[in-house]
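Here's the structure we're looking at; comments come further down.
Values in this text are rule-based calculations from the coordinates and carry no lab data. Owing to the predicted nature of the structure, the values given are computational and were not obtained by experimental measurement. Glycine gets a Cβ as well: all are built from the backbone with ideal geometry, and neighbour counts include every protein chain shown.
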Amino acid sequence: MSKFDEKMTAYEASMAKINVKPDLELLRKVAKGLGPSIYNNDSNKVACSDKTELQRVVDNFCKKKLGVTDNDKAMNAVQAACQQYTERSKHRAVFYYLVLKELGMESHYA
């Protein structure tokens, strides 16, 4: 099993804990879009308790990657993902997937 497949298995298990049945193809595309950062123990996690981290998700993912122009809409999606993803250790790929779904921008990865 490749390292990427191991990560995907971990992401699926993490989503099962919060009762989310993911679109595996979309989750795979989100994870691939994150590149090598998913293999780094520090960069592959999101801390909802860190306001700077959340703003970075808004700026770098919502605005730059997805093209969301409304800062409040982006931050609300990030906050919704924080509320839904209650695991202490939040995988970045899973977190971004939840933000993407909250924004309804799945077509960005089509």
About its Cα centre, the range 64-110 carries a charge dipole, from +1 on Lys and Arg Cβ atoms and -1 on Asp and Glu Cβ atoms, whose size in debye to the nearest 20 is 220 debye
Using R₀ = 30 Å, calculate the FRET efficiency as 1/(1 + (r/R₀)^6) where r is the Cβ-Cβ separation of residue 5 and residue 73; round to 0.05. 0.30
Would you please put 79-85, 99-105, 49-55 in order of how densely packed they are, using the mean number of other Cβ atoms within 10 angstrom per residue and starting with the highest? 99-105, 79-85, 49-55
What share of all Cα pairs of the range 49-110, in percent, falls into each consecutive 5 Å distance bin? 4, 19, 35, 27, 11, 3, 0
Assuming 1.002 mPa s and 20 °C, estimate D for the range 3-109 with Stokes-Einstein, Rh taken as the Kirkwood radius over Cα pairs, in µm²/s. 157 µm²/s
Residue 86 to residue 42: FRET efficiency via 1/(1 + (r/R0)^6), r the Cβ-Cβ distance, R0 35 Å, to the nearest 0.05? 0.95
Put +1 on the Cβ of each Lys and Arg and -1 on the Cβ of each Asp and Glu in the chain; which of 26, 110, 1 then has its Cα farthest toward the positive end of the dipole? 1
At a threshold of 8 angstrom on Cα-Cα distance, excluding pairs fewer than six apart, so keeping six or more, what relative contact order does the range 40-110 reach in percent? 37 percent
By count of other Cβ within 10 Å, fewest leading, how are 65, 3 ordered? 3, 65
